[in-house]
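The values are calculated or read from the model by the stated rules, or taken from the named source; none is laboratory data. Treat the numbers as computed from the prediction; the structure is a model and nothing was measured. Please note: Cβ atoms are built from the backbone with ideal geometry, for glycine as well, and neighbour counts cover all protein chains shown.
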Amino acid sequence: MTQVKSVVLARRPQGNPVAEDFQVNVSELPPLREGELLCRNHFVSLDAGFRNWMNEGSGDAVLPAMELGAPVIGLVLGEVIASLNPLYAEGDMLMARFAWQTHSISDGNDFIARLPTTLEFDPAAYMGVLGDTGMSAYFGMTDILKPTAKDCVLISGAGGAVGSIAGQLAKTGARVVGLVGSEEKGQWICDVLGYDAAVVRTGADSLSEAISKVCPEGVDAFFDNVGGATLEAAIANMNHRGRMALCGAVSGYGVPAHGPNNLFEIVTKEIRAEGFMTHFRHDRYEEAREALSEGLRSGALASPEYRLKGIDQIGQAYADLFAGRNFGKTVVEL
């Protein structure tokens, strides 16, 4: 029998996750049944949004609440190694919403995105710039913000998985400013990703004042991955008829969220604010992946990555993500 290693939820995280919230269990892989497929997973994607479903009673229309002692749900990149499902064949490469495991069995009804037959880039890129995170940046910029050369574009979580790509996509002549948590990360987004400037959240000024100093003519387009007080500060600096793409709210994952107290400014400034989730655009994945692939081919897009190796490193990698230790996309190679 094949052994499968699983990262399970050992306890409910209190606030930001720590490595001890997770543990690795070993079990025997059950035999494949009619209609099922078996994947050998090569990479696990660590995404802050899945923290939402780690609290008791947190289930919703997207995912059920994660159970204690059960494998943690996330995104993986795997290869079909056996199939009794006519839609999938051995050798197919998939990006799928499976669990954090070395092997996954599915009846085909999970969220699954088939990858190209031949992978042009490093497989991990299909979890980052060519996966849901890169596509989130693409859809937010292409469908909602549509930056022009006249715009000042502000991006929160600018050094993370989505923000690192969003900032690069915004460079269409616009002035691009990133919100980050440290001077080191601020220097990095400017030197490596081409941001024009950075606002460090931990400075002496209030965040609203810090944004105002770096964006003295106001903000025309805001791509938000953080929410809460960060969203509040951005609204205070938005220009009349600005646009906001609301992609994430990491500041409120697993903790009481700080609701912006200036939402009426969205009315008085006639701001257009639109939330979005990438998986509802599944039918456009090929479009997005090709556009992002062209950026990689031409060198216009960098693909920053924070990679650890071994399934036993997943808990630490997830904790690092919330602690801001990641520069770019966080993945674990199995």
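Details
- Of the set (1) within 19 Å of the chain's Cα centre (by Cα); (2) of a type outside the set (Phe, Trp, Tyr); (3) not assigned by TED's automatic domain parsing to the domain that holds residue 253, all apply to residue 294 but (1).
- Matching residues in the stretch 48-91 - criterion: being within 24 Å of residue 130 (Cα to Cα) and assigned to a helix (DSSP H, G or I): 48, 49, 50, 51, 52
- The lone exception for residue 321 - which of (1) on the phi > 0 side of the Ramachandran plot; (2) part of a helix (DSSP H, G or I) it fails: (1)
- Leading residue by the ranking (farthest from the chain's Cα centre (by Cα)) among those in the stretch 15-47 that are under 18 Å from residue 132 (Cβ atoms) and assigned to a strand (DSSP E or B): 39
- Considering 210, 204, 170, 161, the condition of being in contact with a strand residue (DSSP E or B) (Cβ under 8 Å, 6 or more places away or on another chain), farther than 27 Å from residue 126 by Cα and not charged (D, E, K, R) is satisfied by 210 alone.
- Condition check for residue 296: touching a Phe, Trp or Tyr at 6+ places or on another chain (Cβ under 8 Å), modelled with pLDDT of 95 or more and not small (Gly, Ala, Ser): yes
Results for (1) surrounded by 20 or more Cβ atoms within 10 Å (Cβ to Cβ); (2) touching a residue at least 12 places away in the same chain (Cβ under 8 Å); (3) in contact with a helix residue (DSSP H, G or I) (Cβ under 9 Å, 6 or more places away or on another chain), shown as yes or no for each residue.
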site	(1), (2), (3)
10	no, yes, yes
20	no, yes, yes
51	yes, yes, yes
68	no, yes, no
76	yes, yes, no
82	no, yes, no
86	no, no, no
89	no, no, no
104	yes, yes, no
